Amino acid sequence: MGSSKGSFYITTAIDYVNSLPHIGTAYEKIGADILARWRRFKGDKVRFQMGNDEHSTNVIKAAKKKGLAPQKYCDEMRKEFENIWKKLNISYDDFIQTSEPRHIKGVQALFQKIYDAGDIYKSHYEGWYCESCEAFYTEKDLAGGVCPNHKVKPAWIKEENWFFALSKYQQKILDYIDKHPEFIEPIGRRNEVISMVKQGLQDISVSRSGFEWGIPVPFDKTHVVYVWFDALVNYITAAGFGTKPALFKKLWPASVHVIGKDIIRFHCVIWPAMLMSAGLPLPKTVFAHGFVYLKGEKMSKSLGNIVTPLDVIDKYGADSLRYYLMRSAPFGRDADFTWENFIERYNADLANGIGNLVARTRGMIERYFEGKIPTSKPDKNLSWTIKEIEPKVATALDYANGDLQFHLALAAIMDGVSAADKYINDNLPWELAKKGDTKKLAGVLANVYISIEIISELLFPFMPETSEKISRQMGFGKKKIGSAENLFPRIEKEKKEPKMDKPTGERGSGLASASDLIDITDFAKVDLRVAEVKSAERIEGADRLLKLQIDVGGENRQIVAGIAKHYTPESLVGRKIIVVANLKPAKLRGVESQGMLLCASTADSVVFLAPEKDMPAGSKVK
């Protein structure tokens, strides 16, 4: 789908190796991977670059704890990091370590170039320095005297260093952003940087003395290049600067740097000034994503509130984590991770949504056509909905629009899943099979099959493993379906043993006592009916409530059901449910409910009741 449009060089921030990645780190890599896979899908020649940041005092400390030399420690941590990225299906093309010879040569070449331009000079420095950030802070940067990221008091450092004339580039940076607003996305981060620069820029220290673990300043071997200057240069050294000029000319400038919002000062102020000084082009875009919080608190290695990718991957698969993180919020804003929300999203969208659609469609092809894939002309009632998905995905992934809306792209794909499910429920293929209407049955299943193929293709950048599994079992490009695979086994919450304080049959046991029993005439007063859900939506301000429009045998009604924690609105449309049809109307959160949905529930789960076989709306339950 789409012709080649040229090269696309995408990078992520390189990572400290003093400890393993957490979900916040994975969030960035997954987002960048989706962009890289999408661009490949559209025909671009992609170079996806990642790496590790190794020249820090924290690395020296971590290496000493393990009794290793810093280089040995870094080489072992690279294996650990790459193992996690492999498990997450991150499709990077190159991985750089800042201790590699190609990086060292490139850093020294750039340092020399900036020095030759007259922008590096020697002076004394004193100020607050956070070792965890590897960064200097001014008094106004500190929140209550502590580092805003790590909540510890920085050390006061006084030393003679080499300085970069950052202040010289204040107006040049502002002019560049004004002329190239796409340089910083989303717009909120751009405004933040503009405000930051307008407050005034000070020259910054770009070397440290008394360190052996680092890249020597090319003209002063008593100093090493300051770790942030060193780290930023990876984007060009990985592209061949200082070692492979032909490759560098081909790849640079980068199409997009994907970074966290906490490091925009380095990437959107210091980095462009360094490149301007060296006479090099600036990257086309720096996209700063939000944080992933754990129940409202930022995840941090130093704060010790970490959920690692492996906690999720090893139990529920990489694609479930990829889906959850990207479905939760716009990439430019903050997201949240809780196990409760993860399980709910997994069950509703993956197990009951994608997994159920594929399983039921494959099962019907196997049952009614002995596994041979039926063919038919497109049914406009379904095909137009499916054709609308790709343009929506493309728009959501175009960060030039001001944000990366991975969640909207996935919502569009899930709308396709819901449309295919509704198409099945509307056309009742099992009834067609009973009637022996093979032609219409083939048409229905062929249209659903084609829809799943398109959905699977569009899912690939987000959930590559799932897309490949769907392709295998549906037999895309073949004449027969493949073997069945359970894509997303439903997660059953752990059940607690019930307390049995009283003998079975007494109040509190869960069964009725003799005084609670009703006779048949009492039960006959309850009018239970089969209904079909025509639409569903959330009720604003009510986390547990959904508003359903239902058809009860030709009569349209509205009911409110407390199942929003267990079902998404789109998963209910077209489904048959059982309702109490003669209940007095009542208002819940100001919304009138003209009946009640019947559900089975435990302390941890809720499942709505439905007829075992398809029954017309309005059928009486007795």
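The values are calculated or read from the model by the stated rules, or taken from the named source; none is laboratory data. Fair warning: this is a prediction, and the values are worked out from it, not measured in the lab. Cβ placement follows ideal geometry from the backbone for every residue including glycine, while neighbour counts extend to all protein chains displayed.
When region 43-62 is filtered for residues that are in contact (Cβ under 8 Å) with a residue 60 or more places away in the chain and either of a type in the set (D, E, K, R) or outside any helix (DSSP H, G or I) (or both), the ones remaining, listed by number, are Arg47, Gln49, Gly51, Asp53, His55, Ser56. Among residues that are in a strand (DSSP E or B) and more than 35 Å from the chain's Cα centre (by Cα), His257 is not included. Would you call Arg102 charged (D, E, K, R), closer than 26 Å to Leu247 by Cβ and assigned to a helix (DSSP H, G or I)? Here the answer is yes, as Arg102 does meet what is asked.
When Phe488 is tested against (1) crowded, with 17+ Cβ neighbours inside 10 Å; (2) touching a residue at least 24 places away in the same chain (Cβ under 8 Å); (3) over 30 Å from Ser91 (Cβ atoms), exactly one condition is not met: (3).
The residues on offer are Ala446, Ala442, Ala412, and the sole one that is touching a Lys or Arg at 6+ places or on another chain (Cβ under 6 Å) and at pLDDT 95 or above is Ala412. Residue pairs whose Cβ atoms lie under 8 Å apart, separated by 6 or more positions or on different chains, with the first residue in region 271-282 and on the phi > 0 side of the Ramachandran plot and the second charged (D, E, K, R) and at pLDDT 95 or above, are Gly279/Lys113. When the residues of region 181-209 are filtered to those that are touching a residue at least 24 places away in the same chain (Cβ under 8 Å) and part of a loop (DSSP other than H, G, I, E, B), the one that is surrounded by the most Cβ atoms within 10 Å (Cβ to Cβ) is Val206.
Pull out all pairs, ordered by first then second residue, where Cβ-Cβ is under 9 Å, the residues are six or more apart or on different chains, the first lies in region 601-622 and is over 14 Å from Glu532 (Cα atoms) and in the same structural domain as Val573 (by TED's automatic domain parsing), and the second is surrounded by 13 or more Cβ atoms within 10 Å (Cβ to Cβ) and of a type in the set (Gly, Ala, Ser). Qualifying pairs under 9 Å: Val606/Gly562.
For region 534-551, the criterion of being crowded, with 16+ Cβ neighbours inside 10 Å, part of a loop (DSSP other than H, G, I, E, B) and touching a residue at least 24 places away in the same chain (Cβ under 8 Å) is satisfied by no residue at all.
Given the criterion in contact (Cβ under 8 Å) with a residue 40 or more places away in the chain, assigned to a strand (DSSP E or B), within 19 Å of Lys261 (Cα to Cα) and among the aromatic types (Phe, Trp, Tyr), identify the matching residue among Phe136, Phe163. None of the others qualify; the one that does is Phe136. Restricting attention to region 111-129, which residues are acidic (Asp, Glu) and either touching a Cys at 6+ places or on another chain (Cβ under 9 Å) or not in a helix (DSSP H, G or I) (or both)? Within region 111-129, Asp119, Glu126 meet the criteria.
Restricting attention to region 418-449, and to residues there that are among the β-branched types (Val, Ile, Thr) and buried (at least 20 other Cβ atoms within 10 Å of the Cβ), which single residue is farthest from Lys380 (Cα to Cα)?
Selected residue: Ile424.
Conditions (1) assigned by TED's automatic domain parsing to the domain that holds Ala617; (2) surrounded by 14 or more Cβ atoms within 10 Å (Cβ to Cβ); (3) within 34 Å of the chain's Cα centre (by Cα), marked per residue:
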residue	(1), (2), (3)
Gly554	yes, no, no
Ala561	yes, yes, yes
Ala564	yes, yes, yes
Thr568	yes, yes, yes
Ser571	yes, yes, yes
Arg575	yes, yes, yes
Ile578	yes, yes, no
Lys584	yes, no, no
Arg589	yes, no, yes
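Meeting the requirement of 1 or more residues that are aromatic (Phe, Trp, Tyr) and surrounded by fewer than 22 Cβ atoms within 10 Å (Cβ to Cβ), the helices (runs of 4 or more DSSP H) wholly within region 298-413 are 309-316, 339-345, 356-369, 380-387.
Could you please give the count of residues in region 448-485 that are in contact with a helix residue (DSSP H, G or I) (Cβ under 7 Å, 6 or more places away or on another chain), closer than 12 Å to Ile354 by Cβ and free of Cβ contacts under 8 Å to residues at least 40 places away in the same chain? Here the count works out to 2. Inside region 306-340, residues that are out of contact with any helix residue (DSSP H, G or I) (no Cβ under 8 Å at 6 or more places or on another chain) and polar (S, T, N, Q) make up a count of 1. Scanning region 53-110 for residues that are closer than 17 Å to Pro21 by Cα and basic (Lys, Arg), which turns out surrounded by the most Cβ atoms within 10 Å (Cβ to Cβ)? If we take residues in region 53-110 being closer than 17 Å to Pro21 by Cα and basic (Lys, Arg), then Arg78 is surrounded by the most Cβ atoms within 10 Å (Cβ to Cβ).
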